[in-house]
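Only one structure is covered here, and it is reproduced in the block below.
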Amino acid sequence: MSAVDEKHASFERYKEDVHKEGKPFFPYAMFHDTVMSLVVVGVIITLACVWYFTADGTEPGELGPWYTDKADPGTTNFIPRPDWYFYFLFYLLRIFKWPESVILGTVGIPTILMILLFALPFIDRRRERRPLRRPVAVLAAVLTAVSMGVLTYKGATARESLGSEAVAAVDDWSQQQGGFSEEAHRGAEIFAQVGCLQCHVYLGSGSANVGAPELSSIGSSGQDAEFFARYVSNPAAFGNNVMPSFENLGAENLAAIGAFLESSKGPQ
């Protein structure tokens, strides 16, 4: 028997053994996973080396420059967003609102899915691997892929009413509130620029996070502009240890924000 025939016969015996006894995880699947992991890591290292050694400071190389403009820690126009592979979770958190159901979205659903993923090999121990003979598993995989795809797309295209977009909405806010004074209008612009809409909602703009209240009608609470200015300056003094202090805005800007909040009595 030639070497080729012997190899072919050995492969046929191997297929018969797999058909009868199944294919063990060790060493076959472990070997394949190890090889693929090394390939992926090797590709990442190669791309990193190409990026690093072909670029020179701000001069772009094959894969772009080392860096462009330096980060500005004081910017108010930057909207933080997660990496693309977390977009599905990013949008999931927009569905589950604080504080009623946020734990379900952040801990409950991901934990349940992770437990099911780990338990699957112990639950389904059949040797059948043909997709047409496993409709439940195929349907679950398709639904998972479609759900994550839709949530990823929605997370990638979600728009935040922050920065320049929120500043552009100030005139509309003024119109809905029956008209701002000059100082209140300036306070609304400051409010839109300094990141308040990351936690608060105002006339449909912004996102509700960490239990922050909706501020469209905050002026109806009966408090004056001076109170709001003092509150924004040092929320901890009023028992609010979640909201950061905006004392660094200065007395003039805080007074303008106070006037804006006092004028916010709800759509007219």
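Quick note: the coordinates plus some simple rules give every number you see, no bench work behind them. Nothing here was measured: the structure is a model prediction, and the numbers come from that model. Every residue, glycine among them, receives a Cβ derived from its backbone with ideal geometry; neighbour counts consider all protein chains shown.
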_Positive-end residue, the chain charge dipole about Cα centroid, Cβ charges, pick of Phe228, Leu261, Met36_ = Met36
*Specify the residue with the greatest mean-square fluctuation among Leu113, Leu89, Leu203, computed from a Gaussian network of the chain linking alpha-carbon atoms under 10 Å apart.*
Leu113
*asked:* Which one, Cys199, Ser147, Ala158, projects farthest toward the positive side of the charge dipole computed for segment 142-225 from Cβ point charges (K/R +1, D/E -1)?
replied: Ser147
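With charges only on Cβ, +1 for K and R and -1 for D and E, what is the dipole size of segment 79-158 about its Cα centre, in debye, rounded to 20?
Numbers: 11 positive and 4 negative charges, 89 e Å.
Roughly 420 debye, rounded to the nearest 20.
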*Could you work out the relative contact order of segment 79-158, using alpha carbon pairs under 8 angstrom and six or more residues apart, expressed as a whole percent?*
62
_Length-normalised contact order of the chain in % [C-alpha pairs under 8 Å, at least 6 apart]_ = 15
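Hey, what number do you get for the chain at 222 nm if only DSSP H runs of n ≥ 4 count, each worth -39500 (n - 2.57), divided across all residues, to the nearest 500?
Details: 10 runs with 138 residues, N = 268.
Helix-only estimate at 222 nm: -16500 deg cm²/dmol.
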*Which residue, Ile103, Ile218, Ile112, has the most motion in a Gaussian network model of the chain that connects Cα atoms within less than 10 Å?*
Ile112
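Under a Cβ-only charge scheme (Lys and Arg +1, Asp and Glu -1), can you give me the dipole magnitude of the chain about the Cα centre, in debye to the nearest 20?
Working: 21 positive and 29 negative charges, 373 e Å.
It comes to approximately 1800 debye.
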